[in-house]
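The block underneath contains the structure these notes are about, expressed in C-alpha cells.
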Amino acid sequence: MKTLITYSSRTGNTKLVAEAIHSVFPPDAQLHPVESAPEPELFDYIAIGYWVDKGLPDALAKSYMSTVHNKRVGLFGTLGAWPDSDHARQCMEQAVQVMEANGNTVNCTFLCMGKVDPKLLEMMQSMPGAADRHAMTPERKARLEEGQKHPDTADLERARMMFSSAWEHLSND
C-alpha cells in the first residue's frame, strides 16, 4: 500500500510528530512537507499533519487537504491548547469534516500540545478585541509555558501507537 506522511510545520512541532509517525510505516512510506508533497492520487493512504490556526488546520495544510479525494487518511496536529479540551476536540472534528467532505475516510486522529510561535502570539495580541479574546491570563500563561515542552517523548510515543494501530487495521482489510 503506497503511503504518504505529509505535514505543515511552523515551529517544528508537527514535523517531529510526522517523523515519529513515519517510523511506524513500512520503509517505502514517503515523508514530505506539504509544500513539496507529491500528488495525493499516487497514494493509497495519506497521513496529514498540521498546526491549528484559528480552530482549523493551517492554510498550507488546508490547501493540500483540499486536493485529497476518496482516500483513506489519518490526521495529526499540534496546537497551543490542552489536547483533551473541548477546543481541541472541536478543532479535530472540523479537520475531519474537511476531509470527509471530499469523500475521504479518516481512520486515525491525533492531537498534542506544541509551542506557539512568539510572532503569532504578538500578532494575536495586536488584533482588535485582543484584550478580551487573547488576554494573557495566568491560566493562558501556564498553558503556553507547558506548550513549550511539547511535543515530548510521551506525545511522540502516543502518535506512534495511534498510527501503528491504524496501519495494522488497514493491513488487515
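What to note about this one:
- Here the contact order of the chain, divided by its residue count and restricted to Cα pairs under 8 Å and six or more residues apart, works out to 24 percent.
- Cα gyration tensor, the stretch 26-106 - rounded (a/c under 1.5), prolate or oblate: prolate
- For the stretch 66-71, 3J(HN,Hα) computed residue by residue from phi via the Karplus equation (6.51, -1.76, 1.60; θ = phi - 60°) reads 5, 8, 9, 10, 6, 10 Hz, glycine and proline entered as x.
- For the chain, the convex hull spanned by the alpha carbon atoms encloses 110 Å³ per residue.
- Pair His169, Gln148: separation of 7 Å Cα→Cβ label points (nm): 3.8
- The chain: DSSP helices with Cα axial extent of at least 27 Å and average Kyte-Doolittle hydropathy no lower than -1.0: 153-172
- Helices in the chain, meaning DSSP H runs of at least 4 residues, each add -39500 (n - 2.57). Divided by all residues, the mean residue ellipticity at 222 nm is -13000 deg cm²/dmol.
- The stretch 1-56: trypsin sites (Lys or Arg not before Pro) falling in loop per DSSP and having at most 12 other Cβ within 10 Å: Lys54
- In the stretch 14-110, the DSSP beta bridges split such that about 15 percent are antiparallel, to the nearest 5.
- Net lengthening on full extension, Ala101/Glu139 (0.36 nm per residue, minus Cα-Cα): 10.1 nm
Taken together, the values in this text are just the output of simple stated rules run on the coordinates, not laboratory data. All figures in this text were calculated on a predicted structure; none of them were measured in a lab. Counting neighbours? That spans all protein chains shown, and the Cβs are built from the backbone with ideal geometry, glycine included.
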